[in-house]
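Before any comments, here is the structure.
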Amino acid sequence: MIPAPGSAPARTPVHTRHVEGFGTVTITPVDPAADSALIHSWVTEERARFWGMGGADRALVQEVYEDVDRRTTHHAFMVARDGERVALFQTYDCAEDRVGTCYEVRPGDVGVHLLIGPSRGGVRHGFTGALMTVFIGFVFSDPAARRVVAEPDARNAKAVGLLERTGFVLGPEVELPEIDLPEVQLPAKRARLAFLSAPAAAR
């Protein structure tokens, strides 16, 4: 049975949290075959231009996430709020990613990417902030995680502002090198680094 648009496939979440006044948020590993159509519809929208996949077709999106799925250093997750898929969240080992060539990686650095899906019924105040709280809690639930590292496109003022409001400390602008491999191609990217250390109680 094909899942209804916006509904979450029946897979086991790796993290679940109820946020008072917001709903229950679940984080579930991406299933490349089941999720590729929805991911494709998100990444090819104009508002997602900084994601860098605007020209991709569904087959390429599925190939990219099949590649992520094979890795032990990179992970992709579908995020649902009360059963409706609302965001794509990715984590990675900074030492095993191109960002690791641009700054001095510390043990416990975890890189993140976030793409919020198109909102239904208008933008809800505090929506993205509530999701960010869950994402950060998920990353730091791993005792090995010591710092979250983000590297949004330097031109993406909205993303940079969100990180600042969430408590990230902005770092320098860097040039992420191009990646041209059979399984994945990424153009060079001017990015703004941002860092969030684990709460003192978790260190």
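The values are calculated or read from the model by the stated rules, or taken from the named source; none is laboratory data. Keep in mind it's a predicted model, so treat the numbers as computed, not measured. Glycine gets a Cβ as well: all are built from the backbone with ideal geometry, and neighbour counts include every protein chain shown. Please note that ligands, DNA and RNA were not included when accessible areas were found on the heavy atoms of the full protein model with its side chains. Shrake-Rupley method; radii C 1.70, N 1.55, O 1.52, S 1.80 Å.
Seen from all directions on average, the chain presents a Cα convex hull projection of 11.5 nm². Ligands, DNA and RNA left out, the accessible area of the chain computed with a 1.4 Å probe is 54% carbon and sulfur.
Take SER197: with every protein chain present and a 1.4 Å probe, its accessible area is about 60 Å².
Positive end of the dipole of the chain (Cβ unit charges, origin at the Cα centre): among HIS40, VAL148, ALA59, the Cα lying farthest that way belongs to VAL148.
Shape annotation for region 1-116: C-alpha extents along the principal axes are 43, 36, 27 Å, from largest to smallest. Rolling a 1.4 Å probe over the protein heavy atoms gives region 68-122 an accessible area of 48 Å² per residue. Entry note, the chain: relative contact order of 17 percent, from Cα contacts under 8 Å with a spacing of 6+ residues.
Amide H to amide H distances under 5 Å link THR24 with VAL19, ASP82, where only residues 5 or more positions off or on other chains count and H is placed in the peptide plane. The accessible area of VAL112, taken with all protein chains in place and a 1.4 Å probe, comes to roughly 20 Å². Ranking GLU175, GLU46 from most to least accessible surface, computed with a 1.4 Å probe over the protein chains only, gives GLU46, GLU175.
Pairs of Cα atoms in region 57-135 fall into 10 Å distance bins, from 0 up to the last occupied one, in shares of 15, 40, 32, 12, 0 percent.
Shown in residue order for region 17-23 are the 3J(HN,Hα) couplings computed by the Karplus curve 6.51 cos²θ - 1.76 cosθ + 1.60 at θ = phi - 60°: 8, 8, 10, 4, x, 10, x Hz (x for Gly and Pro). Pairwise Cα separations in region 17-83 fall into 5 Å bins from 0 onward with the following percentages, short to long: 3, 17, 21, 21, 18, 12, 6, 1.
Using the Cβ-Cβ distance between ASP82 and ALA33 with R0 = 22 Å, the FRET efficiency computed as 1/(1 + (r/R0)^6) comes to roughly 0.35.
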